[in-house]
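Okay, structure first, notes after.
The values are calculated or read from the model by the stated rules, or taken from the named source; none is laboratory data. Remember, predicted model here, so these are calculated numbers, not experimental data. We place every Cβ from the backbone using ideal geometry, glycine too, and count neighbours over all the protein chains shown. Calculation scope for accessible area: heavy atoms of the full protein, side chains included, ligands and nucleic acids excluded. Shrake-Rupley method; radii C 1.70, N 1.55, O 1.52, S 1.80 Å.
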Amino acid sequence: MLVAVTRRIHKEELERLGEVAEVRLWDSDLPPSPSELQELVSGADGVLSLLTDKIDGAILDGSPGIKVVSNFAVGFDNINVPACTERGVAVCTTPDVLTETTAEFAMALIFSVARQIVPGERAARGGEWKTWYPMRFLGRDLAGATLGVVGLGRIGSHLATMASAFGMEVVYFDPRNEDSRFEKVDLDELWARSDIISLHVPLTDQTRGLVGGDTLPQMKPDAILINTSRGPVIDTDALVESLRSGHLAGVGLDVTDPEPLPQDHPLYTFDRVTIAPHIASATHITRRKMAQLSVDNVIAVLTGTTPPNCLNPEVL
Ligand code: DGY
């Protein structure tokens, strides 16, 4: 059996995979191009992919032996799941192991943006810290503020729990999940009432551009917007326009559209925007668990046992 692994990941997990299959590794920190990816997976029985690898019908048709695509991520918008299901290919992901880690990062962005940590640090480093300023770097208190959580799944729910411990009032929008500890509202009410808005939805046709030209004006002029889900959930051009007009007190983004964000992108010109390079799940322990789980998923499918997390179990 042959498993293509599209990036350098934990050595111990590659070795474990190597005990059941030959491993063909894209031995780099940078992703393969589409043609390199096609070549990498050719003849493979399984693929361990990253969120930067586009896995579609064409890739699968080029390598009809593939039985499993195991994504090293909880998100799977890089994979055409219906195309996989049609071809009997199992799609596996890594939920649960990154829930708290990702929610903690959303909380970190909330603190950072609300208290101007990055602009303050930039000023200190740039020699602008001349005295104790009574009127500079003024932020927002979290206690008493209203947090609007869009998507109360695992990560959104953990964030909501942490936020209420900090004295925030939590409202949420989620058509599927209920939690009586928090107030469920519709989206219009969430935009209008929230001092801080945090996005926790998968990227789908319904959520693409959810925050855009129609919704941004509904937010409070001094609202803070946080995104740790997927970049295209926000219409980037509309966000830039909104920021140019002076709307929003701050924005914290762990994900952007495009990703990575080009060095000359207008979003970098706003001091009140903090941008992180998609690192919300990046702790030693969590990334190791993601590696373990994605390897467990491949091994299970290829050895005919039930994988821990399969999106389309009907193909097994
Ligand atoms: C995911 O898992 O989908 C995150 O975006 C990266 O951890």
Completion exercise
For the stretch 162-243, whose charge dipole is built from +1 on Lys and Arg Cβ atoms and -1 on Asp and Glu Cβ atoms, the candidate among 238, 221, 180 with its Cα farthest towards the positive end is 180
Handout entry: Rg/Rh (Cα only; Kirkwood hydrodynamic radius) as it applies to the stretch 42-109
Key = 1.08
Fill in the blank from the handout: Phi-derived 3J(HN,Hα) across the stretch 177-194 with the Karplus relation (6.51, -1.76, 1.60, θ = phi - 60°), rounded Hz, x for Gly and Pro, is 9, 10, 8, 5, 6, 10, 8, 7, 9, 7, 4, 4, 5, 4, 4, 6, 8, 7
Practice task
Count the DSSP beta bridges whose two residues both fall in the chain, then state the antiparallel fraction as a percent rounded to the nearest 5.
Solution key: 5 percent
Practice task
Could you let me know the centre-to-centre spacing of the stretch 249-284 and the stretch 286-313, using Cα atoms, in angstrom?
Solution key: 30 Å
Exercise for the section: Please report, as a whole percent, how much of the solvent-accessible surface of the stretch 98-275 comes from carbon and sulfur atoms (probe radius 1.4 Å). Expected result: 52 percent
Practice task
Would you compute, from DSSP H runs of 4+ residues alone, the mean residue ellipticity of the chain at 222 nm, taking -39500 (n - 2.57) per run and dividing by the full residue count, rounded to the nearest 500?
Solution key: -9500 deg cm²/dmol
Completion exercise
In order over the stretch 107-119: 3J(HN,Hα) from phi, Karplus 6.51/-1.76/1.60, θ = phi - 60°, whole Hz, x for each Gly or Pro, gives 5, 4, 5, 4, 4, 4, 6, 5, 10, 6, 5, 5, x
Fill in the blank from the handout: Checking rank on 176-183, 203-210, 294-301, with mean other Cβ inside 10 Å and highest first, the result is 294-301, 203-210, 176-183
Fill in the blank from the handout: For the stretch 73-86, Karplus-derived ³J(HN,Hα) couplings (6.51, -1.76, 1.60; θ = phi - 60°; whole Hz; x for glycine and proline) come out as 4, 7, x, 9, 5, 7, 10, 7, 5, x, 4, 5, 4, 4
Practice task
Quote the FRET efficiency, to the nearest 0.05, computed for residue 166 versus residue 138 with a Förster distance R0 of 25 Å and r equal to the Cβ-Cβ distance.
Solution key: 0.85
Exercise for the section: Send over a whole-number figure in Å² for the accessible area per residue of the stretch 98-275, probe 1.4 Å. Expected result: 49 Å²
Exercise for the section: Give the long-range amide H neighbours of residue 7: residues separated by 5 or more places, or on another chain, with amide H under 5 Å away, using H modelled in the peptide plane at 1.01 Å from N. Expected result: 26
Fill in the blank from the handout: Expected sort for 246-256, 279-289 on mean C-beta neighbours within 10 Å, highest first, is 246-256, 279-289
Completion exercise
With +1 on the Cβ of every Lys and Arg and -1 on the Cβ of every Asp and Glu, the dipole magnitude of the chain about its Cα centre, in debye rounded to the nearest 20, is 820 debye
Exercise for the section: Would you mind giving the average projected area, over all directions, of the Cα convex hull of the stretch 160-203 in nm² with one decimal? Expected result: 3.4 nm²
Handout entry: Within straight-line cross-link reach of residue 184, lysines at Cα separation under 26 Å, skipping those fewer than 8 residues along the same chain
Key = 220
Fill in the blank from the handout: Zone reached by a paramagnetic label modelled 7 Å from residue 316 Cα along Cα→Cβ, restricted to the stretch 281-303 with backbone N below 20 Å, covers 290-303
Exercise for the section: Please report the Cα spread of the stretch 1-47 along all three principal axes, rounded to whole Å, starting with the longest. Expected result: 28, 23, 10
Exercise for the section: Taking all protein chains together and a probe of 1.4 Å, list 26, 132 from the most accessible to the least accessible. Expected result: 132, 26
Fill in the blank from the handout: With R₀ set to 22 angstrom, the calculated FRET efficiency between the beta-carbons of residue 10 and residue 39, to the nearest 0.05, is 0.35
Exercise for the section: Kindly state, as a whole number, the per residue volume in cubic angstrom of the convex hull around the alpha carbon atoms of the chain. Expected result: 148 Å³
Fill in the blank from the handout: Cα-Cα pairs in the stretch 118-159 separated by more than 10 Å, as a whole percent of all pairs, come to 79 percent
